[in-house]
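Below: one structure, written as structure tokens.
The values are calculated or read from the model by the stated rules, or taken from the named source; none is laboratory data. All of these numbers come straight from a predicted model, not from anything done at the bench. Using ideal geometry, Cβ is built from the backbone for each residue, glycine included, and neighbour counts are taken over all protein chains shown. Heavy atoms of the whole protein, side chains included, go into the accessibility calculation; ligands, DNA and RNA do not. Shrake-Rupley method; radii C 1.70, N 1.55, O 1.52, S 1.80 Å.
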Amino acid sequence: MKFLPAVLALGIVSGAVAQKPADTEVWEPKPAVITNTTATTSVPPSDAIVLFDGKNLDQWESVNEPGKAAGWTVAKNVFTVKKGTGNIQTKKAFTDYQLHIEWQVPANIHGEGQGRGNSGLFLASTGKGDDGYELQIMDGWENATYVNGQAASVYKQTAPLVNASKKPGEWQSYDVTWTAPVFNTDGTLKSPAYVTVLHNGVMVQNHTELKGKTVYIGKPEYNQHGASPIKLQDHGDPSEPLSFRNIWIREMK
Ligand code: MG
């Protein structure tokens, strides 16, 4: 009882109370679970850049070793996270775009919460060592976690409008519209980033304004950046790795 006020006083004096990951978790309200969703699939439009056509990862490179080939596994027209090799990123940089991606949590997935089939789509990054702005890719089927960290959330920022997740073993889709942030020449923010996402054909992020780059602890902030690669996450949890297929992007001016 005597100790607590001293700790609080110390926090005020130092001006910095220690922050924990749980401080930015939101658990309620839970997005409604909906069914009868249909993963979209499509032939890439003629003006799209195909980022994966089932054959190779030539459009991608290692994040840990830029310029080196992406070390994930390509087989049977899909590619699969190779745990421990790190994130991969597009060789090309993008600004505003429309992107289609299909992903699958394996049917034999184990684990729970954030440790169950976790990957992620980093919509852009600042190029200063951070991963960027994460649209969560994860098992969202009867897998309890904080809602601003579940599948189709803007991680640690905005929960999806509904939970449109399919069961492990079924293919799922994101159709993403990304409006990159714009910065003034002095590095201050001129206009924030926005993202619109259809998950299995259903609106889950509707022109959502981002508060900054994704952070695990603390408040998100913006750092000035220009055109940026898009990344996929090797999360590092011990559960079975996710697979991807049919990825294409259309740049918007
Ligand atoms: Mg993730």
Inter-probe distance in nm under a simple model that places probes 7 Å from Cα toward Cβ, at N108 and T41: 2.3 nm
For segment 31-102, the Rg and Dmax computed from alpha carbons only, in angstrom: 14.7, 43
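Can you tell me how much longer the chain between K55 and E28 gets when fully stretched, taken as 0.36 nm per residue apart minus their C-alpha distance, in nm with one decimal? Walk me through the intermediate numbers first.
Working: separation 27, 0.36 × 27 = 9.72 nm, distance 4.19 nm.
My answer for the length gained is 5.5 nm.
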5 angstrom amide H check on V182, placed H, neighbours 5+ away: K190, S191
Within a Gaussian network of the chain (alpha carbon springs, distance under 10 Å), most fluctuating of E240, E65, E209: E65
Most fluctuating residue given options V154, V81, V50, as computed from a GNM of the chain linking Cα atoms under 10 Å: V50
Helical contribution to [θ] at 222 nm, DSSP H n ≥ 4, -39,500 (n - 2.57), averaged over the chain, rounded to 500: -1500 deg cm²/dmol
Where only alpha carbons of segment 108-253 are counted, the Rg and the Dmax (Å): 15.0, 50
Segment 110-214, dipole about Cα centre (Lys/Arg Cβ +1, Asp/Glu Cβ -1), debye to the nearest 20: 120 debye
Partner aspartates and glutamates for K213 [C-alpha distance under 14 Å; skip if fewer than 8 residues away on the same chain]: D130, D131, E134, E221
Under the Karplus curve 6.51 cos²θ - 1.76 cosθ + 1.60, θ = phi - 60°, whole-Hz ³J(HN,Hα) for segment 61-69, x wherever Gly or Pro sits: 9, 5, 7, 5, 10, x, x, 8, 4
Descending Cα extents along the principal axes, the chain, whole Å: 66, 46, 34
Per-residue HN-Hα couplings for segment 236-246 [Karplus 6.51, -1.76, 1.60; θ = phi - 60°; Hz; x = Gly/Pro]: x, 6, x, 6, 4, x, 7, 10, 9, 7, 6
Length-normalised contact order for segment 152-253 - Cα pairs under 8 Å, 6+ apart - percent: 22 percent
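When Lys and Arg each count +1 and Asp and Glu each count -1, what net charge do the other residues less than 12 Å away from G115, Cβ to Cβ, add up to? Please list the in-between numbers first.
Working: positive: R116; negative: E112, D139, D237, E240.
Once positives and negatives cancel, what remains is -3.
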Mean accessible surface per residue for the chain, computed with a 1.4 Å probe while every protein chain stays in place, in Å²: 50 Å²
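Lysine pairs in segment 88-187 with Cα distance under 29 Å, only those 8 or more apart or on different chains: how many are there?
Details: K91/K128; K91/K156; K92/K128; K92/K156; K128/K156; K156/K166; K156/K167.
Step by step, the pairs that qualify in segment 88-187 add up to 7.
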Hz values of 3J(HN,Hα) by residue in segment 42-59 - Karplus curve (6.51, -1.76, 1.60), Gly and Pro given as x: 6, 6, x, x, 4, 9, 7, 9, 7, 8, 7, 10, x, 9, 7, 9, 4, 7
Net charge of neighbours whose Cβ lies under 15 Å from the Cβ of T145, counting Lys and Arg as +1 and Asp and Glu as -1: -4
Built amide H within the under 5 Å cut-off of M203, gap 5+: none
Most mobile of G115, G187, G54 in a GNM of the chain (Cα contacts under 10 Å): G187
With Cα atoms, 0 to 90° folded angle of helix 3-14 axis to the chain main axis: 70 degrees
Proximal charge balance of N200 [Cβ under 15 Å; K/R count +1, D/E count -1]: -1
Stretchable slack from E170 to T185, in nm (0.36 nm times residue separation minus alpha-carbon distance): 0.8 nm
Accessible-area composition of segment 13-154, carbon plus sulfur, in percent [1.4 Å probe]: 53 percent
Magnitude of the charge dipole, the chain, Cβ model with Lys/Arg +1 and Asp/Glu -1, debye to 20: 180 debye
